[in-house]
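Nothing in this text is a laboratory measurement; each read-out follows from the coordinates by a stated rule. In this text the structure is predicted, and so the values were computed from the model without any measurement.
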């Protein structure tokens with residue numbers, strides 16, 4: 001039985017509500033049993049006292065003979081007894097017959113003094129209440145106690161049953177739905193409609209089921225596509241991990257390709273007997289290796305360079321002009337216009353060679369990553385009371401998750417670009433190395449029309 005109660009929420013709620021109602025009802029009945037008779041006795045005594053005072057005030061204006069009749073009527077109306085005592089006599093009024101066994105009669109007495117009209121005799125006037133009503137209330141409440149307790153138990157059980165059904169029924173329904181959810185069954189719908197917490201929970205479950213169904217469908221479709229491309233994806237992932245591992249891998253890959261091409265041409269393997277076709281490819285591999293080695297060497301020299309003694313003052317406007325002229329053939333080839341709005345010229349204290357390299361990489365990167373027919377804007381702007389050089393290209397944007405990685409060596413935001421089409425992956429890393437060496441603040445962000453590189457200019 002204890003285990004059944006433990007595992008049944010409905011039974012728990014029933015017992016809790018039933019017990020609470022029994023206790024509360026019993027306490028209320030006990031309080032009424034205690035307070036009601038006392039309150040009634042207090043009220044009766046108060047009323048008797050008030051009536052007695054009124055009577056006494058009237059009696060003082062009456063003769064003794066008239067007063068006797070008035071007192072007699074008062075005792076009848078107020079269910080009381082009275083006595084008039086003087087030195088010579090005692091007169092009683094309103095005596096009530098009671099059985100000797102009746103010990104529940106409550107007697108409350110009021111004593112006062114009175115002198116009647118045309119008489120000098122002083123009387124002691126005593127009024128006693130003979131009401132048994134308060135005691136009868138207690139007797140009746142005790143007499144009906146079994147019936148009252150039975151009624152309380154019956155009503156408590158009925159109320160507890162209704163409460164347990166109302167409270168537990170929606171919870172039980174939600175519990176069944178949760179069991180179906182564990183088996184990824186989304187064909188159900190919780191039809192509980194209310195504005196309370198349970199209604200909100202039901203609505204949330206329905207929303208969750210809909211989203212779960214959508215997710216399952218998306219995952220099914222994605223799994224179907226992934227299954228078809230699994231081998232290709234594995235190969236590309238392995239190649240990507242190897243490519244970004246270290247500089248040694250960057251050198252190893254083109255060297256391996258070059259070696260394979262030359263060996264196949266030497267041995268005349270397959271199509272490689274056509275030297276005229278593969279010698280230009282071998283030369284291109286050699287040039288890629290040479291370019292990568294030069295950039296790695298340049299980075300190494302830059303990182304270890306001490307700028308002291310190499311700084312010189314140069315014109316910002318002139319340095320931008322020189323960098324634009326160097327990249328202009330590539331821009332014209334892609335039909336890209338370069339707009340300059342520098343305004344007032346400024347003088348920078350930098351290493352001229354390194355600054356030109358950094359500026360050329362930035363502008364070249366903007367032109368290289370712009371679609372044909374777009375534009376590049378070079379301008380000087382004021383951000384928060386500081387001057388900023390902004391180089392912005394249009395027609396493209398960089399995924400937000402790629403922005404923090406753009407200055408990482410060998411990192412390419414555009415995964416479709418390779419060394420053959422998009423450089424070595426060291427361009428922005430070289431920019432970072434040079435600008436860090438000069439202590440400059442810089443960054444890259446997406447704009448409404450493209451991507452902008454910004455550089456705070458030190459005055």
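Quick notes
- Zero-based 10 Å bins, Cα pair distances in segment 312-456, whole percents: 11, 44, 38, 8, 0
- Segment 303-360: radius of gyration over Cα atoms, expressed as a fraction of 2.2 N^0.38 Å: 1.32
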